[in-house]
Amino acid sequence: MENSSPRPLAIIKVGETFDALRDRRGDFEHWMADGLGNTRLPVVVLDPRRGDALPSPDQISGAIISGSHAMVSHRAPWSEATGRWLAQLVAHGTPVLGICFGHQLLADALGGEAGDHPGGMEIGTVEVELRPEAADDALMGGLPARFEAHVVHRQSALQLPEGAVRLAGNAFEPTQAFRIGDQAWGLQFHPEFDAEIMRGYVDHLGDDLRGQGLDPAALRDRVAPTALAAGLLGRFARIAEAHDALATATAG
């Protein structure tokens, strides 16, 4: 078994960005794959919306669930099926990283609740504050107490599953990050976004933002690089690599 190929890291694509932004910059799966950096793991993209089969937990080194313009609370059949699959991954100890929609779906699938945020939309570059529980976390440990991240969401993980650990939040969104078990994380913010992508979202949603009493120009001016948040994708790749190596050694 020591010469066996590494198991793939699966990107689960459950949404796509706006057409104009996709034409310039690609889509969620491209941004996430780029953020993983130089990993020895093969990366595969699967889309349960189009009927792609989701692999058994022991066939992959880890999974990243993308954001989406869909809503967890709408209970689409593909979303519910993906949630059940996530619960299997967590039970097996397969590393999981849920981003935005994926964060909310992970919470919902494990017994929490996702739904509309009472404050409406959070968008732009925001400050995220670590909680003490993050100090020794495998994904977020070692980050400064406060760092900036890009966000765009109308729904949130309103209630975390029993046993989940809240790792980070801010004044608007108390659960910007959480962990369930030892190897599964949800991030409400977008580590795969860069400043250009974030500005693209602010521009596209300008009318919605003005309707909520927000100033798109001010939000756009506030957009800044978020290298620390972006680095979490590479950290997750290292976690998946270690999981794969351990599984291979154990099998051998």
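So the values come out like this:
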read-out	value
Carbon + sulfur, % of accessible area of the chain - ligands and nucleic acids excluded, 1.4 Å	50 percent
Dipole magnitude of region 1-104 about its Cα centre (Cβ charges: Lys, Arg +1; Asp, Glu -1), debye to nearest 20	120 debye
Calculated volume of the Cα convex hull per residue in Å³ (choose from [x] 109; [y] 122; [z] 222), label	[y]
Contact order relative to length of region 181-252, as percent, for alpha carbon pairs under 8 angstrom and 6 or more apart	38 percent
Fraction in percent of alpha-carbon pairs per bin - 10 Å, region 58-191	13, 48, 33, 6, 0
Normalised contact order of region 130-182, rounded percent, pairs of Cα under 8 Å and 6 or more residues apart	33 percent
Rounded to the nearest 20 debye, dipole of the chain from Cβ charges on Lys, Arg, Asp, Glu	180 debye
Per-pair calculated FRET efficiency, R0 = 35 Å: residue 203 and residue 53 via Cβ, rounded to 0.05	0.40
Volume per residue of the C-alpha convex hull in region 121-252, rounded to whole Å³	119 Å³
Helical segments meeting 18 Å axial Cα length and Kyte-Doolittle -0.5 threshold in the chain (DSSP H)	77-92, 227-251
Computed FRET value (nearest 0.05) for residue 91 with residue 129, which takes r as the C-beta separation and R₀ as 45 Å	0.90
Ordering of 97-110, 26-39 by packing [mean C-beta count within 10 Å, highest first]	97-110, 26-39
Order by protection proxy (mean Cβ within 10 Å, highest first), peptides 221-229, 79-87	79-87, 221-229
With DNA, RNA and ligands ignored, accessible area of residue 5 (1.4 Å probe; Å², nearest 10)	100 Å²
Order of exposure, largest accessible area first, which applies to 50, 75, 179 with probe 1.4 Å	50, 75, 179
Surface per residue (accessible, 1.4 Å probe) for the chain, Å²	43 Å²
Label point distance in nm, residue 171-residue 217, each placed 7 Å from Cα along Cα→Cβ	2.3 nm
Length-normalised contact order of the chain in % [C-alpha pairs under 8 Å, at least 6 apart]	22 percent
Beta bridges per DSSP with both ends in the chain, % antiparallel, nearest 5	60 percent
Backbone N under 13 Å from the residue 20 label point (7 Å along Cα→Cβ), restricted to region 216-238	none
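The values are calculated or read from the model by the stated rules, or taken from the named source; none is laboratory data. This structure is a prediction, so every number in the text was calculated from the model and none was measured. No Cβ is skipped: glycine too gets one built from the backbone with ideal geometry, and neighbour counts run over all protein chains shown. We work out accessible area using only protein heavy atoms, side chains counted, and drop any ligands, DNA or RNA first. Shrake-Rupley method; radii C 1.70, N 1.55, O 1.52, S 1.80 Å.
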